Amino acid sequence: MAFNFCPNCGTKYLARAKPFAPQKCAQCGRTSYHNSKPCAGALIVKDQRVLLVLRAVEPFKGCWDIPGGFLEAGEHPRAGMLREVKEETGLAVRVIELLGVYMDRYALDGDDFFTLNHYYIVEPIGGTLRAADDVSAYRWFSIDALPRENEIAFEHAKIVLRDLRERQKG
Ligand SMILES: [Zn+2]
């Protein structure tokens with residue numbers, strides 16, 4: 001999402017035609033880039049089932065979501081995934097493999113940017129399942145009976161779950 005002012009010197013930017021194009025400041029010469037924001041999530045798998053959480057907050061409130069979230073500054077995707085799993089589900093997990101990296105877009109309340117989403121296949125090794133503040137429920141879904149696509153939060157998650165199903169069967 002484009003800036004209104006230069007983050008370096010505060011000069012007002014002229015309006016841009018393309019919302020994600022780099023913005024060069026006419027005053028100080030600094031260029032601002034609008035990179036994708038990194039995220040990480042976990043496909044917690046056990047006995048051919050995967051754990052999904054019901055979102056209690058926008059965007060996609062009331063839709064099934066894969067546990068995960070935005071990375072903190074300097075955080076490795078694997079570490080961020082483990083932190084988010086602990087926060088959202090209370091579970092400790094062990095990484096089996098990286099499923100892949102998926103692009104998406106996030107738009108809410110004036111925020112609009114691209115996301116770069118890392119997904120790990122993991123298995124639970126401890127902890128006690130409990131819902132966090134931003135989660136209203138969780139459920140183990142059979143790999144063969146996942147929620148309908150219009151009940152799944154975020155476009156890329158539909159592809160992630162399809163890829164997981166193929167991987168688990170392969
Ligand atoms: Zn400037």
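The values are calculated or read from the model by the stated rules, or taken from the named source; none is laboratory data. This one's a predicted model, so the numbers in the text were calculated from it and none came from an experiment. Positions of Cβ are generated from backbone atoms using ideal geometry, with glycine treated the same way; all protein chains shown enter the neighbour counts. What goes into the accessible areas is simple: the full protein's heavy atoms, side chains included, and nothing from ligands, DNA or RNA. Shrake-Rupley method; radii C 1.70, N 1.55, O 1.52, S 1.80 Å.
Of all the numbered requirements in (1) among the aromatic types (F, W, Y); (2) open to solvent by 50 Å² or more (accessible area, probe 1.4 Å); (3) out of contact with any Lys or Arg (no Cβ under 7 Å at 6 or more places or on another chain); (4) farther than 16 Å from E84 by Cα, W140 misses one, and that requirement is (3). Within segment 75-95, residues that are of a type outside the set (G, A, S) have Cβ atoms under 9 Å from residues that are open to solvent by 20 Å² or more (accessible area, probe 1.4 Å) and in a helix (DSSP H, G or I) in these pairs: E75/R83; V93/L82; V93/K86; V95/R78; V95/L82, counting only partners at least 6 apart in sequence or on another chain. Selection of first residues in segment 121-132 that are over 16 Å from V50 (Cβ atoms) and assigned to a loop (DSSP other than H, G, I, E, B) and of second residues that are among the aromatic types (F, W, Y) and open to solvent by 60 Å² or more (accessible area, probe 1.4 Å), restricted to Cβ pairs under 8 Å at least 6 apart or on distinct chains, gives the following pairs, ordered by first then second residue: A131/Y138. Filtering I96, I44 for residues that are under 25 Å from R148 (Cβ atoms), part of a strand (DSSP E or B) and of a type in the set (A, V, I, L, M) leaves a single hit, I44. With the structure loaded, tell me whether R167 is under 14 Å from the mean Cα position of the chain (by Cα) and surrounded by fewer than 17 Cβ atoms within 10 Å (Cβ to Cβ) or whether it fails that test. So R167 does not fit the description; no.
Determine whether segment 54-68 contains at least one residue that is of a type in the set (G, A, S), closer than 23 Å to E166 by Cα and part of a strand (DSSP E or B). Scanning segment 54-68, I find at least one residue that is of a type in the set (G, A, S), closer than 23 Å to E166 by Cα and part of a strand (DSSP E or B), so the answer is yes.
Rundown of residues vs (1) within 16 Å of the ligand (Cβ to nearest atom); (2) at pLDDT 95 or above; (3) farther than 24 Å from L146 by Cβ; (4) of a type in the set (A, V, I, L, M, F, W, C), yes/no style:
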{"position": "F3", "(1), (2), (3), (4)": "yes, no, yes, yes"}
{"position": "C9", "(1), (2), (3), (4)": "yes, yes, yes, yes"}
{"position": "L14", "(1), (2), (3), (4)": "yes, no, yes, yes"}
{"position": "K24", "(1), (2), (3), (4)": "yes, no, yes, no"}
{"position": "A40", "(1), (2), (3), (4)": "no, yes, no, yes"}
{"position": "R49", "(1), (2), (3), (4)": "no, yes, no, no"}
{"position": "L52", "(1), (2), (3), (4)": "no, yes, no, yes"}
{"position": "E58", "(1), (2), (3), (4)": "no, no, no, no"}
{"position": "E72", "(1), (2), (3), (4)": "no, yes, yes, no"}
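One residue stands out among those in segment 14-53 that are open to solvent by less than 40 Å² (accessible area, probe 1.4 Å) and touching a Ser or Thr at 6+ places or on another chain (Cβ under 6 Å): the one that is nearest to L161 (Cα to Cα), which is C39.
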